[in-house]
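Enquirer: After the structure tokens below, expect a handful of questions from me.
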Amino acid sequence: MSHLIAPSVLAADFANLQRDVEMLNESQADYIHVDIMDGIFVPNISFGLPVCEAIYKHAKKPLDVHLMIEKPENYIQAFHDAGAATISVHYEASPHLHRTLQAIRDLGLRAGVAINPHTNVSLLENVIQNTDLVCMMSVNPGFGGQKFIEQTYAKVRQLKELIADQNASTLIEIDGGVNIDNAPKLLEAGADVLVAGNFVFKSENPIHTIQELKDVSY
Ligand code: DX5
Ligand code: ZN
């Protein structure tokens, strides 16, 4: 499988969201990454359900919803109704992670687990079979435009091994500070999906930048 690109609308122009979503529709993007922040789990507030619904209304690509919120299990149905195709909940916010992942799958969605930079990959050993996607944070969640944490490469390799050992088909998604310089190394380490916010939306030609990320060979 060739790798997938998931531009993050956190870096879009919110006053021109429809325009930016339509740009993504025309691009080589595979998913639209939607970052939900509650100001409690992370020290920032992004947007919530009505904005997710508005994105969905115009989107021709699946919504990859990343919940950076406390008690994510209380909002699974609502984000399903708001158009999510994948929902990722944070390991660190989920004392009953296994149950939450099942609830996501029961709604016919893909179940994701997001892990913070300090969270050891080995903690996923007992849920990897229930996980369609691991959203590995390569910055501390809460803000776009941060510097990529180099330790991520080693974590990707470790996770790739864990997935292979269990013969699972879980995708590895990298989220934070992704650009054209680290993309080849991430893909070589075993990443399947690259999220990119600022690198895409702050570039002169976002469609071309998405194409560049899609064309990375390794
Ligand atoms: C960070 C978010 C990311 C963010 C990525 O908390 O989860 O998805 O939008 O943005 P960049 O690519 O600018 O780091
Ligand atoms: Zn994200």
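Enquirer: What 222 nm value per residue comes from the helices of the chain, counting each DSSP H run with n ≥ 4 as -39,500 (n - 2.57) and dividing by all residues, nearest 500 deg cm²/dmol?
Expert: Numbers: 8 runs with 70 residues, N = 218.
So the calculated ellipticity at 222 nm is -9000 deg cm²/dmol.
Enquirer: Hand me the tally of lysine pairs in segment 4-215: alpha carbons under 16 angstrom apart, and the pair either on different chains or 8 or more positions apart.
Expert: 6
Enquirer: Please give me the summed charge of the neighbours of residue 45: other residues whose Cβ is under 12 Å from its Cβ, Lys and Arg +1, Asp and Glu -1.
Expert: Taking every Cβ under 12 Å from that of residue 45, the sum is -2.
Enquirer: Still on this model: Using the Cα centre of segment 50-166 as origin and beta-carbon charges of +1 (Lys, Arg) and -1 (Asp, Glu), tell me which of 54, 76, 131 is placed farthest towards the positive end of the dipole.
Expert: Positive-end residue among those listed: 54.
Enquirer: OK, next. Tell me the relative contact order for the chain as a rounded percent, counting alpha carbon contacts under 8 Å between residues six or more apart.
Expert: Reported relative contact order: 21 percent.
Enquirer: A follow-up question, please. Counting other beta carbons within 10 Å of each Cβ, put 135, 52 in order, fewest first.
Expert: Result, fewest neighbours first: 52, 135.
Bear in mind that the values in this text are calculations on the coordinates, not laboratory data. Everything numeric in this text was worked out from a predicted model, so none of it was measured. For neighbour counting, all protein chains shown are included, and Cβ atoms are generated from backbone atoms with ideal geometry for every residue, glycine included.
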